[in-house]
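Input: a single structure, listed below in structure tokens.
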Amino acid sequence: MERRPEPKVQSQPVFDPETAWYSIDRFPLDPQRLAARNVITALREDPSHSRFDILRTRMLQALSENGWRRVAITSPTKDCGKTFTAANLAVSLSRHETCRTVLLDLDMRSPSLHNVFGVSDTGAIGDMLRGKISPEAHLQGFAPNTISAGSHVAVGFNGIVEPYASELLQDPSTEAVLDEIEAAFQPDVMLFDLPPALLNDDVIAMRPHVDALLIVAAGGITRAKDIKETERRLGENMPLLGVVLNKAEHIETSEYSY
């Protein structure tokens, strides 16, 4: 009796997140510009840079222990240094060889992250959150550089003021896009540079998409009751990773609690 040939088993393609990382555009890092914009983790000439390395390591440990990934960075009011903190953390994280980091400028009413990094071709992050362009087309990474900043940081810049920021953050499309980024890039950390929490409802709108919170306070500006009110607005169940104290006077480096 003639045997029928065994049907061939189709092997499933192996998913490789590096495909997404290789596909994004790259922008150059100008060490002097970064230093001028207070990205002290770039040249590491300011002794305060070690504070961000410590914060980075403790944050990674907390995320790993709890199965968290998404971190909101905010401040109670304006001019506390939340974007300064987000940019320095991103550069510090880039030097962690096994860490993949996504940083999104979600302060859509007053975007500024592109000015810190000197990027003019930003696009509109709102278009990505609405699904008009793919994350691979919008996100940008560090080009090869002289400061040992790694290649596994993807930054979502924004050059367009979004008048309906809160509504967009609550739209199902935002949740879908964040999930899409996680699936394609498989980041270990997602940092969200958000607006000051007490100025509008954007941070509250973002709450369902966040695992933990990092508050940036400014010495001589931020009051204790502002920090408490920020925590209250985000809810008792929102884990607080720490409070970074920026612009502190009469101490050697900026302090933070964790």
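The values are calculated or read from the model by the stated rules, or taken from the named source; none is laboratory data. Please read these numbers as outputs of a predicted model, since none were measured by experiment. Quick reminder, even Gly has a Cβ in these numbers, built from the backbone with ideal geometry, and neighbours come from all protein chains shown.
Any idea how many residues of the stretch 196-212 are over 27 Å from Ser64 (Cα atoms) and under 14 Å from the mean Cα position of the chain (by Cα)?
Counting residues in the stretch 196-212 that are over 27 Å from Ser64 (Cα atoms) and under 14 Å from the mean Cα position of the chain (by Cα) gives 0.
Restricting to the stretch 208-222, what's the tally of residues that are surrounded by fewer than 16 Cβ atoms within 10 Å (Cβ to Cβ) and either at pLDDT 95 or above or in a strand (DSSP E or B) (or both)?
Here the count works out to 1.
Among the residues of the stretch 223-249, write down those that are in a loop (DSSP other than H, G, I, E, B) and out of contact with any strand residue (DSSP E or B) (no Cβ under 8 Å at 6 or more places or on another chain).
Arg223, Gly235, Glu236, Asn237, Ala248, Glu249
Applying the selection to the stretch 21-66, what residues are closer than 24 Å to Thr122 by Cβ, among the charged types (D, E, K, R) and either out of contact with any helix residue (DSSP H, G or I) (no Cβ under 8 Å at 6 or more places or on another chain) or surrounded by fewer than 17 Cβ atoms within 10 Å (Cβ to Cβ) (or both)?
Residues satisfying the conditions are Asp25, Arg26, Asp30, Arg33.
Return the total of residues in the stretch 171-195 being over 20 Å from Gly67 (Cα atoms), of a type outside the set (D, E, K, R) and either in contact (Cβ under 8 Å) with a residue 60 or more places away in the chain or assigned to a strand (DSSP E or B) (or both).
Looking only at that region, the number is 2.
Being touching a residue at least 24 places away in the same chain (Cβ under 8 Å), in a helix (DSSP H, G or I) and not small (Gly, Ala, Ser), is that true of even one residue in the stretch 92-109?
yes
Here's the yes/no breakdown for (1) out of contact with any Lys or Arg (no Cβ under 8 Å at 6 or more places or on another chain); (2) part of a strand (DSSP E or B); (3) on the phi > 0 side of the Ramachandran plot:
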{"position": "Met128", "(1), (2), (3)": "yes, no, no"}
{"position": "Gly131", "(1), (2), (3)": "yes, no, yes"}
{"position": "Gly141", "(1), (2), (3)": "no, yes, no"}
{"position": "Thr146", "(1), (2), (3)": "yes, no, no"}
{"position": "Gly150", "(1), (2), (3)": "no, no, no"}
{"position": "Val155", "(1), (2), (3)": "yes, yes, no"}
{"position": "Ile160", "(1), (2), (3)": "yes, no, no"}
{"position": "Ser166", "(1), (2), (3)": "yes, no, no"}
{"position": "Leu169", "(1), (2), (3)": "yes, no, no"}
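Of everything in the stretch 140-172, what is of a type in the set (A, V, I, L, M, F, W, C) and over 25 Å from Gln32 (Cβ atoms)? Give them in sequence order.
Ile160, Val161, Ala165, Leu168, Leu169, listed by residue number.
Has the stretch 205-223 got at least one residue that is among the hydroxyl-bearing types (Ser, Thr, Tyr), out of contact with any Gly (no Cβ under 9 Å at 6 or more places or on another chain) and in contact (Cβ under 8 Å) with a residue 40 or more places away in the chain?
Yes, the stretch 205-223 contains at least one residue that is among the hydroxyl-bearing types (Ser, Thr, Tyr), out of contact with any Gly (no Cβ under 9 Å at 6 or more places or on another chain) and in contact (Cβ under 8 Å) with a residue 40 or more places away in the chain.
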